[in-house]
1. Within region 86-96, is even one residue within 13 Å of the chain's Cα centre (by Cα) and outside any loop (DSSP other than H, G, I, E, B)?
2. Of the numbered conditions (1) under 30 Å from Lys144 (Cα atoms); (2) outside the structural domain of Ser108 (by TED's automatic domain parsing), Gln66 fails exactly one; give the number of that condition.
3. State yes or no: is Lys158 under 15 Å from Phe57 (Cα atoms) and surrounded by fewer than 19 Cβ atoms within 10 Å (Cβ to Cβ)?
4. Just for region 79-90: of the residues that are crowded, with 20+ Cβ neighbours inside 10 Å and either more than 14 Å from Tyr138 (Cα to Cα) or not assigned by TED's automatic domain parsing to the domain that holds Asn150 (or both), which one is modelled with the lowest pLDDT?
5. Could you look through region 29-65, keep only residues that are free of Cβ contacts under 8 Å to residues at least 24 places away in the same chain and within 13 Å of the chain's Cα centre (by Cα), and pick out the one that is surrounded by the most Cβ atoms within 10 Å (Cβ to Cβ)?
6. All but one of (1) without any contact (Cβ under 8 Å) to a residue 60 or more places away in the chain; (2) closer than 16 Å to Ile145 by Cβ hold for Val119; which doesn't?
7. Can you say whether Thr79 is in contact (Cβ under 8 Å) with a residue 24 or more places away in the chain and among the polar types (S, T, N, Q), as far as the supplied structure shows?
8. Given the conditions (1) modelled with pLDDT under 85; (2) out of contact with any helix residue (DSSP H, G or I) (no Cβ under 9 Å at 6 or more places or on another chain); (3) of a type outside the set (A, V, I, L, M); (4) under 15 Å from Thr54 (Cα atoms), report the number of the one that Asn150 does not fulfil.
Amino acid sequence: MDNAQKAIMIGVGLFITIIIIAAVMLITGMGQDMLVEGQQQVSNISSSLQAQLTADFDESTVTGAQVETAIRRYYKDETMVLIVKNGSTVTNYGKVTATVSNDYTTTSVTSSSYTPTGVGSLSDTANAGTYVPSTAKYKAHLIKIAGSDNVVGLYFEK
């Protein structure tokens, strides 16, 4: 009888252990699903916030002071392409680069071994190609990934 009680106790112990392991796995699975859902929501919020912040530059005419302010606001952003076209000189002030088509779209943004032009050159009057006069008028465009509404940069054209 002593062996039968030990066998029953071992069986009950194994059963309880299996139930605890199953509960932990269930809770972990639910936590991972919640984490993935939270990451998707944060990504959506980030995209909509970026769109709201850059909406002022969507096909509008801005002054050189606004161009300079926008570049100083976004030049540290690891995802923004910031292009200023002064006549025939095209300068990228962002930390990433992209090939922008005539409709201001791009297929990809790259950052490997790219060194942006320093923002100090915006006010360098000795360099006509990079100097942005505060009273000059620029046409602003949003650079988007082709086929989507994801804004990846700003394009200012004098």
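1. Taking region 86-96 and keeping what is within 13 Å of the chain's Cα centre (by Cα), we get 94-96.
From the residues that got through so far, the ones that are outside any loop (DSSP other than H, G, I, E, B) too are none.
No, that holds for no residue.
2. Checking Gln66 against (1) under 30 Å from Lys144 (Cα atoms); (2) outside the structural domain of Ser108 (by TED's automatic domain parsing), the one that fails is (2).
3. Values: under 15 Å from Phe57 (Cα atoms): yes; surrounded by fewer than 19 Cβ atoms within 10 Å (Cβ to Cβ): yes.
Spelling it out, Lys158 is indeed under 15 Å from Phe57 (Cα atoms) and surrounded by fewer than 19 Cβ atoms within 10 Å (Cβ to Cβ).
4. Step one: list which residues in region 79-90 are crowded, with 20+ Cβ neighbours inside 10 Å, which gives 80-84, 86.
Remaining after also requiring either more than 14 Å from Tyr138 (Cα to Cα) or not assigned by TED's automatic domain parsing to the domain that holds Asn150 (or both): 80-81.
Values: Met80: 85, Val81: 88.
By that ranking, first place goes to Met80.
5. Across region 29-65, the extreme among qualifying residues is Leu53.
6. Of (1) without any contact (Cβ under 8 Å) to a residue 60 or more places away in the chain; (2) closer than 16 Å to Ile145 by Cβ, only one is false for Val119: (2).
7. Working: in contact (Cβ under 8 Å) with a residue 24 or more places away in the chain: yes; among the polar types (S, T, N, Q): yes.
Yes; evaluated as a whole, the condition is true for this residue.
8. (2)
The values are calculated or read from the model by the stated rules, or taken from the named source; none is laboratory data. Note that the coordinates shown come from a computational prediction; the quantities given were computed from them, not determined experimentally. Positions of Cβ are generated from backbone atoms using ideal geometry, with glycine treated the same way; all protein chains shown enter the neighbour counts.
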